[in-house]
Structure formats: C-alpha cells, structure tokens
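Data first, discussion second: the structure below is written as structure tokens.
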Amino acid sequence: MLKYIFFILISLILVFIQISFFGALPILANLNILLVFLIFINIVFGFDTGFIFALLIGFFLNLYSFLPWGTFIVIFLAIIWLLDFLYKNVFINFSIYSNLIMVIIGTILYVFSILLAYFIFYLMGLIKIYIVIDKLFWQSFSYQIILNLVLMSGLFYLAKLTIKRLNIVFLFKK
Amino acid sequence: MLEKKKNRLIKIYFVAVIILLIFLHLFKILTLPEKYLLSFFTDWQNKSISFATRLKYSFINFQEAQNLKKENTLLKGQLDQLMYENSQLNSYKSENEKLRALLNYLPGNEFDYLVVKIIGKDINRANTLLINKGSADGIKVGYPVIVDNGVIIGKIIEVQDHLAEVLLLTDKLSQLAISSLNSNKTSGLANGEYGLSIKIDLIPQDVEIKEGDIIITSGKEENIPRGLVIGKVNRVISAANELFKSATINPLVDYEELLIASVILPKKL
C-alpha cells in the first residue's frame, strides 16, 4: 500500500516539475521528463509498474490540460504497451543503444499522438486551438528527441551505479 | 502464477479507480477537491517558475559578464551615446505616462480586472501560460490578459473551473484587432510570429504607420477594450502595388519573465 502512495507522490512531483519548472526554462521546456521516466520504468521495472505510472502520470497531467479527460492516459498506455512489445520481440539484446532507440520511437509516437489528438478534438469542437506544424514545431520536436536521449542516458548511468542487474544493459563482462 | 494474478488485479483496480475519478470529474462532483488540490499547489508552482526564471537569468548573466570584459573598452567609448539615449527615453517615459492617463485603458465603468498567478505552461504548446483562476472566478474564453499598466500579453483560449490557459500574442494562432495610438480606426490584424514577435497584416495603404509608433487594441473585439498597449512598431513593410502593408511589433514586456497578470472582466450590471 505504501508503495502505491509513493508512486502517486512521485507522479505528482514529476508532473509539477514538468509544468512549473522546466516550462519556464529555455530549450529545456522541450524536455519531456514524464515520457522518459515512463520508458525508463517500463524497461527497468517491467510493464506492470510502467502501467501504473502511465495511469497516474496521465491522470495528473490531465488536471493541467484542456484535452478531454483520459487522453493522456490512453496515449501513455498505448506508448508503453507498444514499447514493451518491441522490447520483448525486437530489441531483445537489452543494450543501452536499443533503449535509446526506444526513446526515439517513444518520443515520435508521443508527439504525433498529441498532434493527432489536438486535430481531432479541435475538429470535434472540444478544444479551441490546435498545434500548428511549422518551423517552431519541428525545432521543438528535434530538441525534445535530443534532450530525451540525453536524460535517458543519464538515468541509465545513474541506475547502473545502484541497480546491479542493469549491468547487462551495457554488455559488460563481469 | 499468483504474482501474475495479483499484478492483474492491481492493474484492474487502478483502471477502475481512474475511470471512476474521470466520471466524477465529468459530473462535476470532484470540483471542490480539484479546487483545493490546484490551489494548494499554486503558490509552489508560482515559486517554481520564479526560481526557474532566476536560474535562467543567472546563467545568462554569467555568460554576459564574460562577454562584457572583452567589450569593456568599446562600452566606455559608447557611454556618451548611451547618456543621450537615456535622456530621450526619460522623455518618452514621461510622455507614455501622460498618454496612459489620457487613454484611461479601462474606459468608463465597463470593465473590472482579476489578478492571477502564472503557474506553468502547457506541456504540448509553446507560447501559452497556465493561470490559477478559471470559470468559477468569472473568466471566459476571449478575455484579454494584461500586465503592468495595461500591456496586453494574450487572450484566454481555454477555461476550466479553476484553471485557464492564455495564448500569448506571439503565437501564430493569436489574432488581435489593432490600431495605432494616433488613429481611431482599426488599422490591421496582429498575428504572432514563431513565438518571438508580432506581425500586423492588412494595414490599408492610406493608414499612416511608422517605426516607433505605439500599437494598441482597437476595441472592436468583444470584451477587449480599446487602448491596451501591444508594443512598438519595429519595421514597416510596404510595396506600392500592394493593397495592404504590414509591420512588425516588438512586445514591451518579456513574456518569459511573467509571474503575475490580470484578466480583464466585463463588469456585472
């Protein structure tokens, strides 16, 4: 029970940091710590834990969003489900490089899911504005991929120091 | 096997709770807890943005200090020029204050204002701000948002009960009817450009507009009074064979530094 309360607090703090801290910084505003964290949790701790975090983070993010409730939950769940499938069936060597590819795939999926969601809900009249695909969008998208990769690399190096089983990720011989 | 079953049950439990919370939200049963949750975090979010802004500028200031050392000699030579410009700016400031008093940017008793705190930005949209008040406080879509003494920064684009989103004027989808300080006619339409500046399109050729002109809201849009300052004209683009000319405006405030703003509300009769 305490574990799930901890999960709720972590999710809330991450959403808080994403919206109110990174949002105010130049360039770093493009970093998506929520997505990177979800992918990291999914890889290291498994789909079950990733599933719960996807629900919680999606729920709290919806508090600060104007998309219909449940949008972020559906998007995050779909992304971690697909990445988990790829991880178990395609990228089975568990190296840092395949995991970075997963971050790229996850970021692309997230950005285009959000773009599609905005367009569809705008056409349905549920929101007042959509995301414009212009030079700024592509610049922001590029920054997001680069920053997400940097963060994921950092997380893995930190985790390597603390979680022994992650040594396999770097294909190091013991 | 048991572990798998337990995990499945936990997942089902979480999904059920989330679906229940969504339904409670849709039927407005969770309004009060949401209000308390959001207001509990508002101060911390505002402080977080303030800290991030200070962090950003401390880094920028360090870099600038390094550059200034190299430019020291050049700056000393330009000191006289800067003193002359400073005296000019002081006279503009004095003129600006008199003009604001004349404009009376909340004309008559038609409008009131609501002070709001900026608590963050939309994770998926640049050029937006999230504020801590919503429809429960009387805010509606289309209401203008101002800072300082009547400088408009954007319009309300989305509203929930206790949260609203402001679309900044520098966003591509932002549109505002404007006029020049010297004219009572609507002179054009202000659109944002790449989150950096504002461009005025559809200025008739016969409307006089030049660099340095102060651009204000025309008052022709619903709920947006005349006289809210948008910025100063930076450049005018005009071709003789075109029906309209265009101009670019520099905003008077840095949209990255905002922590407090006001939403203009129509006064209840």
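None of the figures in this text is laboratory data; all of them are computed from the coordinates on show. Every value quoted in this text rests on a predicted model; they were computed, and no experiment measured them. Here Cβ is always computed from backbone atoms with ideal geometry, including for glycine, and neighbour counts include all displayed protein chains.
Which ones in the stretch A:62-78 are more than 15 Å from residue B:11 (Cβ to Cβ), part of a helix (DSSP H, G or I) and of a type in the set (Phe, Trp, Tyr)?
A:72, the sole residue that qualifies.
Touching a helix residue (DSSP H, G or I) at 6+ places or on another chain (Cβ under 9 Å), crowded, with 16+ Cβ neighbours inside 10 Å and of a type in the set (Val, Ile, Thr): does that describe residue A:133?
So residue A:133 does not fit the description; no.
What residue, of B:122, B:206, B:213, B:201, is among the acidic types (Asp, Glu), within 24 Å of residue B:34 (Cβ to Cβ) and over 12 Å from the mean Cα position of the chain (by Cα)?
B:122
Condition check: under 17 Å from the mean Cα position of the chain (by Cα) and buried (at least 19 other Cβ atoms within 10 Å of the Cβ). Does residue B:224 satisfy that?
The answer is yes for residue B:224.
Against the definition (surrounded by 15 or more Cβ atoms within 10 Å (Cβ to Cβ) and in a helix (DSSP H, G or I)), how does residue A:116 come out, yes or no?
no
I'm trying to understand the selection: among the residues of the stretch B:129-150, which are at the interface with chain A (Cβ under 10 Å from one of its Cβ atoms) and surrounded by 22 or more Cβ atoms within 10 Å (Cβ to Cβ)?
B:129, B:130
Mind counting the residues in the stretch A:53-99 that are crowded, with 17+ Cβ neighbours inside 10 Å, more than 14 Å from chain B (Cβ to nearest Cβ) and not hydroxyl-bearing (Ser, Thr, Tyr)?
Going through the stretch A:53-99 one residue at a time, the tally reaches 4.
So which residues in the stretch A:119-136 are in a helix (DSSP H, G or I), closer than 17 Å to residue B:122 by Cα and at the interface with chain B (Cβ under 9 Å from one of its Cβ atoms), if there are any at all?
The answer is A:136, and nothing else.
Only residues that are more than 8 Å from every other protein chain (Cβ to nearest Cβ), among the small types (Gly, Ala, Ser) and buried (at least 17 other Cβ atoms within 10 Å of the Cβ): list them for the stretch A:14-50, please.
Scanning the stretch A:14-50 gives a single hit, A:50.
Counting only residues that are more than 14 Å from every other protein chain (Cβ to nearest Cβ), give me the strands (runs of 3 or more DSSP E) lying completely in the stretch B:151-269 with at least 1 of them.
In the stretch B:151-269, B:151-159, B:175-180, B:188-193, B:197-204, B:214-217, B:229-237, B:244-251, B:260-266 are the strands (runs of 3 or more DSSP E) which contain 1 or more residues that are more than 14 Å from every other protein chain (Cβ to nearest Cβ).
Select from the stretch B:1-47 the residues that are touching a residue at least 24 places away in the same chain (Cβ under 8 Å) and surrounded by 16 or more Cβ atoms within 10 Å (Cβ to Cβ) and write down the one among them that is nearest to the other protein chains (Cβ to nearest Cβ).
Among residues in the stretch B:1-47 that are touching a residue at least 24 places away in the same chain (Cβ under 8 Å) and surrounded by 16 or more Cβ atoms within 10 Å (Cβ to Cβ), the one nearest to the other protein chains (Cβ to nearest Cβ) is B:45.
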